[in-house]
Amino acid sequence: MINTIATIHIGEPKQARCCAESLGSSGAKDDARDASVLVELGRSPAHLPAAWTPPSEEARRLARALARHESLTAKKSRETQQLRAQIALTMPVVEHAIAEMDAKWARALLREAPTPRHIAMLSRERLTALMKGARKETIERMWTAIQATESLDMT
């Protein structure tokens, strides 16, 4: 059981500034003046904000889950940009042909053929299998990009 020692009201800064101006503030700022303005604001029932209550455990869990989701989304975005930049360095034509890095087929293709040498070894049939679910125009664009990609033949 929690004993209430004080009631907390969270006011808006703009409302406090307007209150200070209505009280004839000189515009000077110091803690004593700010405190007296807040006291006057709190004495006015019409301007007193609702009492603050701490969020429920459910709301706190939701806030943590949302923060984690935002963090993971930002991380995924950074890593996708790094992947796209790396592919642009090694296989610029292929990178240009991949409109959406998050497409399932793009991940499958890059897993199987991460370098120009690997991508040059793909057959059209294997490419079509890897790009399952992609439109025919997309597969055609990727095949053209693969053919235009130069690989270093090393023995």
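Being at pLDDT 90 or above and among the acidic types (D, E) is the filter; apply it to segment 101-150 and report the residue that is nearest to A85 (Cα to Cα). By that ranking, first place goes to E112. Cβ contacts < 7 Å: first residue closer than 9 Å to K104 by Cα, restricted to segment 124-137; second residue among the basic types (K, R) and part of a helix (DSSP H, G or I), any location; separation 6+ or different chain. Result? What qualifies is G133/K104. Within segment 99-109, can one find any residue that is open to solvent by 100 Å² or more (accessible area, probe 1.4 Å) and hydrophobic (A, V, I, L, M, F, W, C)? Looking through segment 99-109, none of the residues is open to solvent by 100 Å² or more (accessible area, probe 1.4 Å) and hydrophobic (A, V, I, L, M, F, W, C).
The helices (runs of 4 or more DSSP H) falling completely within segment 105-155 that include 3 or more residues that are polar (S, T, N, Q) map to 136-148. Might you let me know whether segment 46-69 holds any residue that is surrounded by 10 or more Cβ atoms within 10 Å (Cβ to Cβ), in contact with a strand residue (DSSP E or B) (Cβ under 7 Å, 6 or more places away or on another chain), modelled with pLDDT of 80 or more and outside any loop (DSSP other than H, G, I, E, B)? Taking every residue of segment 46-69 in turn, at least one turns out to be surrounded by 10 or more Cβ atoms within 10 Å (Cβ to Cβ), in contact with a strand residue (DSSP E or B) (Cβ under 7 Å, 6 or more places away or on another chain), modelled with pLDDT of 80 or more and outside any loop (DSSP other than H, G, I, E, B). T149 passes every criterion in (1) surrounded by 15 or more Cβ atoms within 10 Å (Cβ to Cβ); (2) hydroxyl-bearing (S, T, Y); (3) more than 20 Å from L89 (Cα to Cα) apart from (3).
Taking the criterion of being part of a loop (DSSP other than H, G, I, E, B), modelled with pLDDT of 80 or more and polar (S, T, N, Q), the only residue of segment 1-43 that qualifies is T7.
The values are calculated or read from the model by the stated rules, or taken from the named source; none is laboratory data. Bear in mind that the values here come from a model prediction, so they are computed numbers and not experimental data. We place every Cβ from the backbone using ideal geometry, glycine too, and count neighbours over all the protein chains shown. Please note that ligands, DNA and RNA were not included when accessible areas were found on the heavy atoms of the full protein model with its side chains. Shrake-Rupley method; radii C 1.70, N 1.55, O 1.52, S 1.80 Å.
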